Amino acid sequence: MNNKSIRTAKKVLRNEGKAVMDLVERVDGGYAEAIGLMASARGRVIITGMGKPGYIAQKVSATMASTGTPSLYLHPAEALHGDLGRVTRDDVMLVFSNSGETEEVVKLLPIIKKIGAKLVSVTGKLSSTLAKNSDLVLDSSVDKEACPMGLAPTTSTTAMLAIGDALSVALLEKKGFKPKDFALYHPGGSLGKRLLLKVEDIMRPLSETPVVKENMKVKEVLIRITRKRAGAAAVVDAEGRLKGIFTDGDLRRHFEKGEDLFSAPVGKVMTISPVSITPDRLAAEAFDILRSKKIDEMPVLDKKGKPVGLLDVQDILKAGLV
């Protein structure tokens, strides 16, 4: 074990942790103004930065875009060669630069002013050219970099990232962004599926669900279940309303008692008043119910209590919810 490496790692984490905590005391009205400016922008929040701060800018832009604030990352060098055409007077520019003197960034300032976009800077030098030409300035200065030579951007970029996250989350709350909105922008991930997929999207339809009457013999019910390739049968009364469910668990329990099952009516051996769900409920809710009740199948009912399908835990697994 390399004890020196461990000591160095801990030192870096303490250094960066302290730098982030120091930022808390600097959160003032300037943050509120910046957040208000970005929240009310008729255009987008366009974020830029060069080098390592540029990577932070890309991450912050991605976070804002996914949490309800239209955002675009603009590379400052490309901006000087035509991409400034992406910026309008309705936009807010958020600029990351530790020194505030980065050549590519400084060259952008007069053009941004001419376009008319508001400019918010996150910089470690409040006397810099960037700070002096900004509408609002957020202080990201740190005592020292974690790099032992004090050269590689480490603590300074961590501070910028923390400020970017603080702005993004505050904007999220100010706009009243909800989980369902988050899901809208994340339809491909498991989170999006949990927040968007409904039971009706993944359940087995009525055509694939064994639905039997209470007086049907168990033997015939088993044949129906096998033909439908299902794991259970929904048992209904004369009006077609659910009365119970017959599963392989019911079959095993009664076999263990030594009963003559095959000729018995399924109504005698079914589970009465089983747990059920409606098709408009979230599939994630259905999974939570199946898991908490320790069951594998659940009838899906309409408002009249009649089966419209069957939900099996395998359907949930195939949908990629877990």
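Things to note:
- Enumeration of residues in the range 114-140 that are within 36 Å of the chain's Cα centre (by Cα) and not in a strand (DSSP E or B): ILE115, GLY116, ALA117, GLY124, LYS125, LEU126, LEU130, ALA131, SER134, ASP135, SER140
- Scanning the range 211-256 for residues being closer than 14 Å to ASP296 by Cβ, among the aliphatic types (A, V, I, L, M) and surrounded by fewer than 18 Cβ atoms within 10 Å (Cβ to Cβ) gives a total of 1.
- Filter result for GLY49 (within 24 Å of LEU171 (Cβ to Cβ) and not β-branched (Val, Ile, Thr)): yes
- Residue in the range 117-134 that is farther than 17 Å from GLU33 by Cα, in the same structural domain as VAL20 (by TED's automatic domain parsing) and in contact with a His (Cβ under 8 Å, 6 or more places away or on another chain) present: no
- Selection from the range 1-17 of residues that are of a type in the set (Lys, Arg) and in contact (Cβ under 8 Å) with a residue 40 or more places away in the chain: LYS11
- Test: THR67 is among the polar types (S, T, N, Q), more than 19 Å from ALA159 (Cα to Cα) and buried (at least 18 other Cβ atoms within 10 Å of the Cβ): yes
- For the range 200-209, taking the residues that are of a type outside the set (A, V, I, L, M) and closer than 11 Å to VAL308 by Cα, the one that is surrounded by the most Cβ atoms within 10 Å (Cβ to Cβ) is identified as THR209.
- Residue check, VAL169 modelled with pLDDT of 95 or more and either under 30 Å from LYS10 (Cβ atoms) or not in a loop (DSSP other than H, G, I, E, B) (or both): no
- Looking across the range 5-45, the residues that are charged (D, E, K, R) and either part of a loop (DSSP other than H, G, I, E, B) or not assigned by TED's automatic domain parsing to the domain that holds GLY124 (or both) come down to GLU25, ARG26, ASP28, ARG42, ARG44.
- Filter result for THR129 (within 26 Å of LEU151 (Cα to Cα) and buried (at least 23 other Cβ atoms within 10 Å of the Cβ)): no
- Residue in the range 274-283 that is assigned to a loop (DSSP other than H, G, I, E, B), surrounded by 15 or more Cβ atoms within 10 Å (Cβ to Cβ) and of a type in the set (Gly, Ala, Ser) present: yes
- Answer residue from the range 70-79, given it is over 26 Å from the mean Cα position of the chain (by Cα) and either crowded, with 20+ Cβ neighbours inside 10 Å or aromatic (Phe, Trp, Tyr) (or both) and is nearest to ILE47 (Cα to Cα) among those: PRO76
So that you can scan it fast, the table gives a plain yes or no per residue for (1) more than 33 Å from the chain's Cα centre (by Cα); (2) surrounded by fewer than 16 Cβ atoms within 10 Å (Cβ to Cβ); (3) not in a loop (DSSP other than H, G, I, E, B):
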position: ILE47; (1), (2), (3): no, no, yes
position: THR63; (1), (2), (3): no, no, yes
position: HIS81; (1), (2), (3): yes, yes, no
position: GLY85; (1), (2), (3): no, yes, yes
position: PHE96; (1), (2), (3): no, no, yes
position: LEU109; (1), (2), (3): yes, no, yes
position: LYS144; (1), (2), (3): yes, yes, no
position: CYS147; (1), (2), (3): yes, yes, no
position: LEU151; (1), (2), (3): yes, yes, no
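- Test set (1) modelled with pLDDT of 95 or more; (2) loosely packed, with under 15 Cβ neighbours inside 10 Å - GLY100 fails condition number: (2)
- The listed residue being among the β-branched types (Val, Ile, Thr), farther than 18 Å from THR209 by Cα and in the same structural domain as ILE202 (by TED's automatic domain parsing), out of ILE289, ILE277, ILE295: ILE289
The values are calculated or read from the model by the stated rules, or taken from the named source; none is laboratory data. Computed from a predicted structure; not experimentally measured. With ideal geometry, Cβ positions are generated from the backbone for all residues, glycine too; neighbour counts draw on all protein chains shown.
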